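The next block holds one structure in the form of structure tokens; read it before the comments.
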Amino acid sequence: MIPGARLVILGRQGAGKGTQCVRLSRHYVVPHISTGDMLRAAVREETALGKMAREIMDAGGLVGDDIMIGLVAERLKRADAVTRGYILDGFPRTVVQADALDDIAGERPIDVVIDLHVDRDVVLQRITARRVCRDCGTNYTATGFERQPWICEVCGGDVLQRADDHPDAVNRRLDLYETQTAPLIEHYETSGRLAVVDGVGSPDQVFKRLTLAVNSSRT
Ligand SMILES: [Zn+2]
């Protein structure tokens, strides 16, 4: 039986974390816990937390430590995370959250913190090229040569750039990520728990590097 894993994945937006977390989750048979997804679900369901989070995220900010720690602590108590482990994506974002995670994890500490590294100019290019159908949500990548208006091949709807994929919004998020995450990376590096994995390459290549990093953290 494949052992579980307790992983934290760091990386800029657009580094391919989402894709790789799904694969890691299947490989180690552990839940992929994306705090972004959890927050978006709360926003959709219009819970009190969701309403608060929506205001902050609409302003391009990140939700505060207390809310995030509470959300993650609840999730990690569930049986799947306790017995198999988890892949944490989007948490911790700050050193305060990292310390809280160590408390929450207790006797079952995280195996390794992975920094899925892709240079800023590369992710900026990836994100600002994203387009989405307003009606059916199909994703596209712009090359700059599309006929305008761009019509969805699936449903005939308008293919547009989401407001938060515009360069100004992306740059704001990347700035915020770097400001917040630089101390976090240093924190994990100092304590010998960080593995930097090159995120440029095919999904298979990147996945192989990730499992190597996880496996070597446990030997
Ligand atoms: Zn469509």
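General remarks:
- If you check T190, T219 for being of a type in the set (S, T, Y) and either open to solvent by less than 50 Å² (accessible area, probe 1.4 Å) or at pLDDT below 95 (or both), only one passes: T219.
- Any hit, region 60-75, residues being farther than 23 Å from I104 by Cα and at pLDDT below 90: yes
- Elements of type helices (runs of 4 or more DSSP H) contained in region 38-86, each with 2 or more residues being within 22 Å of T181 (Cα to Cα) and either open to solvent by 30 Å² or more (accessible area, probe 1.4 Å) or out of contact with any strand residue (DSSP E or B) (no Cβ under 7 Å at 6 or more places or on another chain) (or both): 48-58, 65-76
- Lone unmet requirement of (1) in a helix (DSSP H, G or I); (2) of a type in the set (D, E); (3) surrounded by 13 or more Cβ atoms within 10 Å (Cβ to Cβ) for D175: (3)
- Comparison of A163, A182 shows that the only residue that is within 14 Å of L10 (Cβ to Cβ) and small (G, A, S) is A182.
- Residue selected from region 147-166 under the condition open to solvent by 60 Å² or more (accessible area, probe 1.4 Å), of a type outside the set (A, V, I, L, M) and closer than 19 Å to A59 by Cα, by the criterion nearest to the ligand (Cβ to nearest atom): R162
- Filtered by the rule that a residue be at pLDDT 95 or above and either closer than 30 Å to V95 by Cβ or not in a loop (DSSP other than H, G, I, E, B) (or both), region 142-164 gives I151, D158, V159, L160.
- Region 68-109, residues that are among the charged types (D, E, K, R) and under 17 Å from the mean Cα position of the chain (by Cα): R75, D89, R93
- Odd one out for T219, checked against (1) in contact with a Leu (Cβ under 9 Å, 6 or more places away or on another chain); (2) among the polar types (S, T, N, Q); (3) not in a helix (DSSP H, G or I): (1)
- Verdict on D135 being open to solvent by 50 Å² or more (accessible area, probe 1.4 Å) and away from the ligand (no atom under 16 Å from the Cβ): no
- Matching residues in region 1-37 - criterion: being open to solvent by 50 Å² or more (accessible area, probe 1.4 Å) and hydrophobic (A, V, I, L, M, F, W, C): M1, I2, V22, V29
- For region 193-210, the condition holds for at least one residue, the condition being that it is farther than 19 Å from G16 by Cα and either hydrophobic (A, V, I, L, M, F, W, C) or at pLDDT 95 or above (or both).
- Test: residue in region 88-100 that is out of contact with any Pro (no Cβ under 9 Å at 6 or more places or on another chain), outside any loop (DSSP other than H, G, I, E, B) and of a type in the set (K, R): no
The values are calculated or read from the model by the stated rules, or taken from the named source; none is laboratory data. Note that the structure is predicted; figures quoted are calculated from it, not measured. Because the Cβ atoms are built from the backbone with ideal geometry, glycine has one as well, and the counts that use them run over all protein chains shown. For the accessible areas, the whole protein counts, side chains as well, though only heavy atoms, and no ligand, DNA or RNA atoms are used. Shrake-Rupley method; radii C 1.70, N 1.55, O 1.52, S 1.80 Å.
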